[in-house]
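Asker: Quick one: the structure is below, questions incoming.
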Amino acid sequence: MKLAFRPQFRNSFATLLRAATTTFLVLGLFALAVYGFLSWRQEKEDLQNSLAIQASFAAASSEHFFASVSSGLDLLGQLLLERDVLQRPQDALPLLGAFRSRHEEIASMAIFSSDGQMLANSAAAPGSRLPDLRRHPDFLQTLRADMQSPAAYVVGRTQYGLVVRQWRIPLRHTVRDARNRPLLVLQASIPVQQKTTLWQAIPLLPGTSIGLVRDDGYHQSRWPAPQPERVYLTRARGPLMQALRARPAQRTGFFQGRVMADGRNRLGAYARLPTMGMTAYVSVPQTLLWMRWWEHNAPVFAGFVIYFAIFLGVGKFVVRREEDHSRTLLAQARHDPLTDLPNRLAAEEQLAHEVARARRENSRFAVLFLDLDRFKDINDSLGHAIGDSILRQVAARLQHNLRDEDILARLGGDEFLAILPAAGAEDATQAAQRLLAVLDMPFPVDERRFQLGASIGISLFPDDGRSAGTLLQHADAAMYEAKRRGRNNLVLFAEALGESSRQRLQLQQDLRRALEQQEFVLYYQPLVELAGGRVVGAEALIRWRDPQHGLRSPAEFIPYAEESGLILPIGAWVLQAACRQAQAWAAQGLDLQVAVNLSTRQFQDPEIVAKLRSILANSGVDPCRLELEITESAAMLDPEASIRTIGALKGLGLQIAIDDFGTGYSSLNYLKRIPADVIKIDQSFVRDLATDPDDAAIVRAIIGLAQTLGRRCLAEGIETAEHFQTLQRFGCDYGQGYWMSRPLPAAEFEALVLEQPCFLATGNLAPVS
Ligand SMILES: Nc1nc2c(ncn2[C@@H]2O[C@H](COP(=O)(O)O[C@H]3[C@@H](O)[C@H](n4cnc5c(=O)[nH]c(N)nc54)O[C@@H]3COP(=O)(O)O)[C@@H](O)[C@H]2O)c(=O)[nH]1
């Protein structure tokens, strides 16, 4: 048989560990993110600093470069004038060539007349025609502007040189006459397409772009410049220009953004050359920043990942081991090692699971509560080894005769539970009959064979209950009914117990209402001193004034009150009412003791001593006027605990009587130690006192025992004068019974006591009052 056992598994340690790991992971990731952010900022700062240094260096080296190229132009101009190059331009060429040879960064040297005509160019082939740049208004405009400048030299806009046939910076020097009028212009053309021209000594990072930009937005130089037309003929409008315009007074600074020249996101720094109206800048692609950041931090991240992987691995390992361990413990806690079946705990869980499933699927199922007949006798008399062997065989037979989907469990002792999914009354009855048949067959153990049989109670979902607890309870109740009907029986809860259970539930509801509506009342039955025939006290006996059924006897409802737990509030009410009454009689001068029955549950209530202390205090009664009757069977349930509780109750000043004495199984050893004051002989021994010598002997023995132990003795159920006389003769101290009086309402009892009757059996065997 397959067992569909699926316990709800929750391991708090594993959950805690998982939560700790997750927290650690989250905190770790957070710390890593913070570290990443800070290290990124630091990396950017470092890179910007290095770019700033490079930009300042580029600015200084540019200034130095132009100054060095321009030095000597003044002298060259004077020499050219002396040679009258305006008239004989070809005489200029040797001087221009000599000057150029001293400056290898200069591609050509040219001379222009003050109206813009090119007179000579060192780069032009001898005899070739020189271009007439006067037709280029752009050229003329800049040339004229340069001639107006008072500076020793002017760096013009970078243009394409028609003679040198490359992009070049024109560095111009104007030669003037004595009245400062321009005579001619010397122009050195400096090519810009090589890094070495301006930035030779600057070590650059990969992807760097370095340049000089004029204040008017045109590039003077840029390296690299893959599309020079785009670089030199259009004004720059990118992040550098925005930064320069935003902070015009700032000599150095940074910029960041998309650069038009190559369309990349760049990070850069700049440094102005204020005297030249230019700015040197250096920029690198932003990806370089990422790369450098990653290069510097990859070991940290790798270390973190490895560390975390190890941590997670260890955590997972510990959690799994813990879960395995818990699962084993859980399985053991739900397993019956003797039969290898699920135990009660597992059965209850499975039943709850089955209820949930049936509700969800709107289906039905049956619960079979099975109890072996005669197993206890065999187990107790022949030993546990035989009992164990029989239980194992029972489990095997039951399993063998159930379907795969059925669930079988051992609840404990000789009780088993079967859950039959999807089974109705008929299926369940057939299955139960089959099980009864196989359990009726003898069980062989060693050389012997044992005949047992079983009783099965069946409850059905949803007809007999919609919760696991109710179904189990009802199957159990049906099983008891089956047992009551005799061996090898099965009973369906609905058939046998439905009505009585409904009545029981109704009674419990009515009792609750009775308590709320104060429908209970106390009757008092006199307790009589047998030697003198005087009333010395009363036993308080509860009655229920039921509006529907009239006065109801406690025998009808006390067992149900016990069963439902209502006996605790009902018992408390009885104690309060009896104490109030005892105090009222004492106040009237009536010297009476009131005895109250304490139910088993009340006696076992851990709060009983405290509750009584409070009731006594509230009523103001002298504790010695209250006697508690505790049945012998209740006292003997846990004798050691009873000795302690009775001792504590006596400590409050109360009197204690052992009720129904003779009907339980008192150990004389315990009886000796229980500090009771009175022993009440059960009325079953008194009833046939006159006719049954055995009962008479028992009564005598109990009276003798009480006297030996120094206890007083009270006989209940005195219905005749013979009873009275015999008990008097036996030396019994007190008596109670219909012959003296039935239980009476308080007022009638009081009237009786005030009459001061003397219950002594006379010659005609009637009580005398
Ligand atoms: N826990 C509590 N139990 C209580 C309380 N009140 C009563 N009871 C118990 O209910 C049982 C039935 O009680 P009741 O019907 O009141 O019967 C008592 C007497 O009326 C009856 N008795 C007394 N004399 C005679 C007699 O001569 N013949 C005869 N056939 N019956 C007689 O005996 C009952 C008292 O018994 P006991 O308590 O053992 O002294 C009964 O068990 C009560 O204990 C309550 O408040 N709480």
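Asker: Inspect all residues belonging to segment 572-579 and state whether any of them is within 11 Å of the ligand (Cβ to nearest atom), open to solvent by 20 Å² or more (accessible area, probe 1.4 Å) and part of a helix (DSSP H, G or I).
Answerer: Among the residues of segment 572-579, at least one is within 11 Å of the ligand (Cβ to nearest atom), open to solvent by 20 Å² or more (accessible area, probe 1.4 Å) and part of a helix (DSSP H, G or I), which makes the answer yes.
Asker: How many residues does segment 631-643 contain that are in contact with an Asp or Glu (Cβ under 6 Å, 6 or more places away or on another chain) and outside any strand (DSSP E or B)? Working first, answer last.
Answerer: Going residue by residue through segment 631-643, those that are in contact with an Asp or Glu (Cβ under 6 Å, 6 or more places away or on another chain) are 631-632.
Among the residues that remain, those that are also outside any strand (DSSP E or B) are: 632.
Total meeting the criteria: 1.
Asker: On the given criteria, is residue 643 within 30 Å of residue 581 (Cα to Cα), away from the ligand (no atom under 16 Å from the Cβ), in the same structural domain as residue 612 (by TED's automatic domain parsing) and open to solvent by less than 10 Å² (accessible area, probe 1.4 Å)?
Answerer: no
Asker: Just name the residue that is least open to solvent (accessible area, probe 1.4 Å) out of those in segment 594-618 that are outside any helix (DSSP H, G or I) and more than 14 Å from the ligand (Cβ to nearest atom).
Answerer: 607
Asker: On to the next question. Which condition breaks for residue 628 when tested against (1) part of a strand (DSSP E or B); (2) within 17 Å of residue 660 (Cβ to Cβ); (3) outside the structural domain of residue 651 (by TED's automatic domain parsing); (4) not β-branched (Val, Ile, Thr)?
Answerer: Going through (1) part of a strand (DSSP E or B); (2) within 17 Å of residue 660 (Cβ to Cβ); (3) outside the structural domain of residue 651 (by TED's automatic domain parsing); (4) not β-branched (Val, Ile, Thr) one by one, residue 628 breaks only (3).
Asker: Here's something else I'd like to know. For segment 654-666, which positions are open to solvent by less than 40 Å² (accessible area, probe 1.4 Å), at pLDDT below 95 and more than 14 Å from the ligand (Cβ to nearest atom)?
Answerer: 666
Asker: Checking residue 254 against (1) assigned to a strand (DSSP E or B); (2) modelled with pLDDT under 95, which single condition isn't satisfied?
Answerer: Here residue 254 meets the rest and fails (2).
Asker: Let me ask something else. Considering only helices (runs of 4 or more DSSP H) fully contained in segment 352-453, which possess at least 1 residues that are more than 18 Å from residue 340 (Cα to Cα)?
Answerer: On the way: elements: 375-382, 384-400, 425-439.
Fully inside segment 352-453 and qualifying: 375-382, 425-439.
Asker: Being of a type in the set (S, T, N, Q) and free of Cβ contacts under 8 Å to residues at least 24 places away in the same chain is the filter here, so list the residues in segment 614-642 that pass it.
Answerer: 614
Asker: Does segment 489-505 contain any residue that is within 10 Å of the ligand (Cβ to nearest atom) and more than 30 Å from residue 750 (Cβ to Cβ)? It would help to see each step written out before you state the result.
Answerer: Applying the first criterion (within 10 Å of the ligand (Cβ to nearest atom)) to segment 489-505 yields none.
No, every residue in segment 489-505 fails to be within 10 Å of the ligand (Cβ to nearest atom) and more than 30 Å from residue 750 (Cβ to Cβ).
Asker: Within segment 135-177, restricting attention to residues that are part of a loop (DSSP other than H, G, I, E, B) and open to solvent by 60 Å² or more (accessible area, probe 1.4 Å), which residue is farthest from residue 108 (Cα to Cα)?
Answerer: 150
Asker: Return the residues of segment 50-83 that are under 16 Å from residue 176 (Cβ atoms) and either of a type outside the set (S, T, N, Q) or not in a helix (DSSP H, G or I) (or both); say none if nothing qualifies.
Answerer: Step one: filter segment 50-83 for residues under 16 Å from residue 176 (Cβ atoms), giving 70, 73-82.
Those that are under 16 Å from residue 176 (Cβ atoms) and either of a type outside the set (S, T, N, Q) or not in a helix (DSSP H, G or I) (or both): 73, 74, 75, 76, 77, 79, 80, 81, 82.
Asker: Okay, next question. Output the qualifying pairs, or none if there are none: Cβ atoms under 8 angstrom, residues six or more apart or on different chains, first residue in segment 728-745 and surrounded by fewer than 19 Cβ atoms within 10 Å (Cβ to Cβ), second residue among the polar types (S, T, N, Q).
Answerer: That search, which allows pairs on different chains as well, returns 731/707; 742/525; 744/525.
Asker: Determine whether residue 241 is in contact with a strand residue (DSSP E or B) (Cβ under 9 Å, 6 or more places away or on another chain) and either under 26 Å from residue 74 (Cα atoms) or not in a strand (DSSP E or B) (or both).
Answerer: yes
Asker: So, in segment 684-724, of the ones that are touching a residue at least 40 places away in the same chain (Cβ under 8 Å) and part of a helix (DSSP H, G or I), which residue ends up farthest from the ligand (Cβ to nearest atom)?
Answerer: Looking at the filtered set, the residue picked out is 702.
Asker: Just to be sure I understand, how many residues within segment 178-220 are assigned to a loop (DSSP other than H, G, I, E, B), among the β-branched types (Val, Ile, Thr) and surrounded by fewer than 20 Cβ atoms within 10 Å (Cβ to Cβ)?
Answerer: Selection size over segment 178-220: 1.
Asker: OK, next. Of all the residues that make up segment 26-45, how many are free of Cβ contacts under 8 Å to residues at least 24 places away in the same chain and either open to solvent by less than 60 Å² (accessible area, probe 1.4 Å) or of a type outside the set (Phe, Trp, Tyr) (or both)?
Answerer: Residues that pass the stated criteria total 10.
Asker: Another question about this same structure. So if I check each of 532, 537, 486, which one is out of contact with any helix residue (DSSP H, G or I) (no Cβ under 7 Å at 6 or more places or on another chain), of a type outside the set (Ser, Thr, Tyr) and free of Cβ contacts under 8 Å to residues at least 24 places away in the same chain?
Answerer: 486
Asker: Would you be able to tell me the number of residues in segment 523-562 that are assigned to a strand (DSSP E or B) and either near the ligand (Cβ under 9 Å from one of its atoms) or hydroxyl-bearing (Ser, Thr, Tyr) (or both)?
Answerer: 8
Asker: Here's something else I'd like to know. Can you go through 475, 432, 418, 395 and tell me which one is within 18 Å of residue 372 (Cα to Cα), touching a strand residue (DSSP E or B) at 6+ places or on another chain (Cβ under 6 Å) and modelled with pLDDT under 95?
Answerer: Among 475, 432, 418, 395, only 475 is within 18 Å of residue 372 (Cα to Cα), touching a strand residue (DSSP E or B) at 6+ places or on another chain (Cβ under 6 Å) and modelled with pLDDT under 95.
The values are calculated or read from the model by the stated rules, or taken from the named source; none is laboratory data. As the structure is a prediction and not an experimental result, all values here were calculated from the model. Reconstructed Cβ throughout: ideal geometry from the backbone, glycine too, with neighbour counts over all protein chains shown. SASA here: full protein model, heavy atoms, side chains in, ligands and nucleic acids out. Shrake-Rupley method; radii C 1.70, N 1.55, O 1.52, S 1.80 Å.
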